[in-house]
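Scroll down for the structure; my scribbles are underneath it.
Taken together, the values in this text are just the output of simple stated rules run on the coordinates, not laboratory data. The model shown is predicted, which means the values in this text are computed figures rather than measured ones. Quick reminder, even Gly has a Cβ in these numbers, built from the backbone with ideal geometry, and neighbours come from all protein chains shown.
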Amino acid sequence: MISIQGKGVSTGVAAGPLYFYQRAKSTIRRYEVADREAEWERFKAAQAKAIDQLGVLAEKARAEAGDEAALLFETHQMMAEDMDYEEAIEGFIKESGLNAEAAVTDAGAIQADAFAAMDDDYFKARAADVKDISGRIVGILCGVVQGGIDSDVPVVLAADDLAPSETVQLDKSKILGFITSGGSGSSHTAILARTMGIPAIIGVGDQLKSEYEGREVIVDGGTGSVVIDADEETRERLMKKRAELIKRQELLNQLKGQPNVSKDGHEVRIYCNIGNPEDVHAVLENDGGGIGLFRSEFLYLNCDDYPTEDYQFEAYKKVLSDMGGKEVVIRTLDIGADKMIEYFQLPKEENPALGNRALRICLNRPEIFRTQLRALYRASAYGKLSIMFPMVASVWEVKEAKKMCESVKAELTAEGIPFSDDVDVGIMIETPAAAVISDRLAKVVDFFSIGTNDLTQYTLACDRQNNDLGRFFNAHHPAVLRLIKLVAENAHKEGIWCGICGELGADLELTETFLSIGIDELSVSPRSVLPLRQKVRETEVAAVKEKLIDDLMSDMNTL
């Protein structure tokens, strides 16, 4: 038996085979082949497999977001067997004797450069398509599976950490749990695990070795324990704990349909955070009152080129329709920092967390912002939509973004395209600047939603993705809690609501604090809804309010 200790970031116990995430190789071997005809046939087999994969993705996209979404993958299918592209590969293999991986890479680069050099914007955009197609075929030739998992059975997935673009492509049905050598409690791997309701453990370092692959592993996301080839006693103990957790969830299910009201009548809305339309099922299954954060950037991460207005419209429409009139707060594009997208061609920055990201990109590149806003307002006709701008630091940014909203609404009106007149516009409070001037910001928006992950990062000058800084990244720090209290007070002075959509919203140790300072809404992962509801219903706000506020404002000698 092998025991490994990490940090649990998503509770639960899972058992299954250990599987290491397969990532495409960054360097391609180049060599001369002896049998050129056989190498050509190897390419043709990989090409056929790529086309089949793209067909599956097209049908998945059509089911989730409509025909426009499927068109991208169908276009890729056609480009994968384009005559010029195929002839170039054939020349490299049959005439030059180049191995298939190198031939596809070189042919793809040549065709991509040719597209990029064209004057027409449509054809320029096709350069990214060719690169993606070539990468898919090369991955198949190298034995790397798209989505990183080549298993017929569900697995416990191990990786150094996963980028947002990688989490998007994972086949969620094959994942029992996560183990990562790095990462943090607010990493995208951890967020995905909590959304899926499966255990996750981070920070195991180099304790996981490749020779462990395929061996049975049991993970306890509550304690951070990883056990490989458990002995009978350990296995029995952990499986008993797993059964108890399942039983507890069954008891929590009895809270479905119950109000989120404390013992002395304080009510709070409990909403959910999601990353794609598929997550709506988990929201409804766990009795979420609405969606407090739809991370729209995952639509961009799931595409090889800028998503069209129609593609986004279908995704937003589906979420709003499926939620049946419950409020859906959609955050506008939030990329940059740890969420980089190649086709945006953002310049390398020394400190991307403080650089060109989120609303800054939207204001600097209004054509991208306008496309998203048009899709959002068109979708507003199908449900209760609220729009939220991320990474705000100044009042002028909000005013400029709202001017763009008014311009888009005028366009749609002129075109006779229906949209709702009842769309609230709010902002995320993620920077200390926004928190400090929240009294002014509250005058120009309809609501605040506090992003505690970034607010903590910027307040404490502590990179939330850096696992080595774990003990320094303290979301319970009085400075963070004081800012949250200040923001809530300023919101209420102007008659707007204030919520929390960061991971801190699900922290049951702070539920009493949030109720006491008047937080109106908590948006959490779907699986956190019922435990949070239980905590709210057990709380008597008046009994703890005075003490909590005194503690919050007391001196900080313990820091």
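Derived scalar couplings between HN and Hα for region 283-293 equal 4, 5, 4, 9, 6, x, x, x, 10, x, 7 Hz in order, rounded to whole Hz, by the Karplus curve 6.51 cos²θ - 1.76 cosθ + 1.60 (θ = phi - 60°), x for Gly and Pro.
Counted residue by residue at 0.36 nm each, then reduced by the alpha carbon distance between them, the extension gain from residue 209 to residue 87 reaches 39.6 nm. The gain in end-to-end length when the residue 41 to residue 253 segment is fully stretched comes to 70.8 nm, 0.36 nm per residue minus the alpha carbon separation.
For the chain, the Cβ-based charge dipole about the Cα centre amounts to some 1720 debye (Lys, Arg positive; Asp, Glu negative; other atoms uncharged). Helical runs assigned H by DSSP (4 residues or longer) give the chain a calculated mean residue ellipticity at 222 nm of -14000 deg cm²/dmol, each run adding -39500 (n - 2.57) before division by the residue total. Taken over the Cα atoms of region 36-141, the convex hull encloses 83 Å³ per residue.
Relative contact order of the chain: 15 percent, from C-alpha pairs under 8 Å at least 6 residues apart in sequence. Taking Cα centre as origin and charging only the Cβ of basic (Lys, Arg, +1) and acidic (Asp, Glu, -1) residues, the dipole magnitude of region 36-141 rounds to 400 debye. Between the labelled values [x] 82, 71, 43; [y] 73, 65, 53; [z] 97, 68, 57, the entry that holds Cα extents along the principal axes in Å as derived from this structure is [x].
A crude spin-label estimate for the pair residue 342 and residue 443, with each label 7 Å from Cα along the Cβ direction, gives 4.8 nm.
Going by amide H atoms built from the backbone, whose H comes under 5 Å of the H on residue 290, apart from near neighbours? Sorted by chain and number, the residues that satisfy this are 272.
What's the ranking of 150-157, 129-136 by average number of surrounding C-beta atoms within 10 Å, highest first?
129-136, 150-157
With unit charges on the beta carbons (Lys and Arg positive, Asp and Glu negative) and the dipole taken about the Cα centre of the chain, which residue among 307, 354, 457 sits farthest to the positive side? It is 457.
The shape of region 177-238 comes out oblate: with a ≥ b ≥ c from the C-alpha gyration tensor, a/c is at least 1.5 while a/b does not beat b/c. For region 346-426, a crude dipole built from +1 on the beta carbon of Lys and Arg and -1 on the beta carbon of Asp and Glu, taken about the Cα centre, is about 120 debye to the nearest 20. Computed from backbone phi with θ = phi - 60° and the Karplus coefficients 6.51, -1.76 and 1.60, the 3J(HN,Hα) list for region 250-264 is 5, 5, 4, 4, 5, 7, 4, x, 8, x, 8, 10, 6, 4, 9 Hz; x is used for glycine and proline. Here each label is just a point 7 Å from Cα along the line to Cβ, and for residue 151 and residue 94 those points are 4.2 nm apart.
Averaging the sequence gap over all C-alpha pairs within less than 8 Å and six or more residues apart, then dividing by the number of residues, gives region 143-239 a relative contact order of 20 percent. Proximity of backbone amide H atoms, modeled 1.01 Å from N, is registered between residue 386 and 328, 329, 330 at under 5 Å, excluding neighbours fewer than 5 places apart on the same chain. A protection proxy built from the mean count of other Cβ atoms within 10 Å ranks the segments 191-203, 367-379, 106-118, most packed first, as 191-203, 367-379, 106-118. Quick check: from the Cα gyration tensor, does region 156-274 come out rounded (a/c under 1.5), prolate or oblate? Taking the square roots of the gyration eigenvalues as a ≥ b ≥ c, region 156-274 is oblate. With Cα atoms defining each centre, region 414-491 and region 1-60 are spaced 38 Å apart in the structure.
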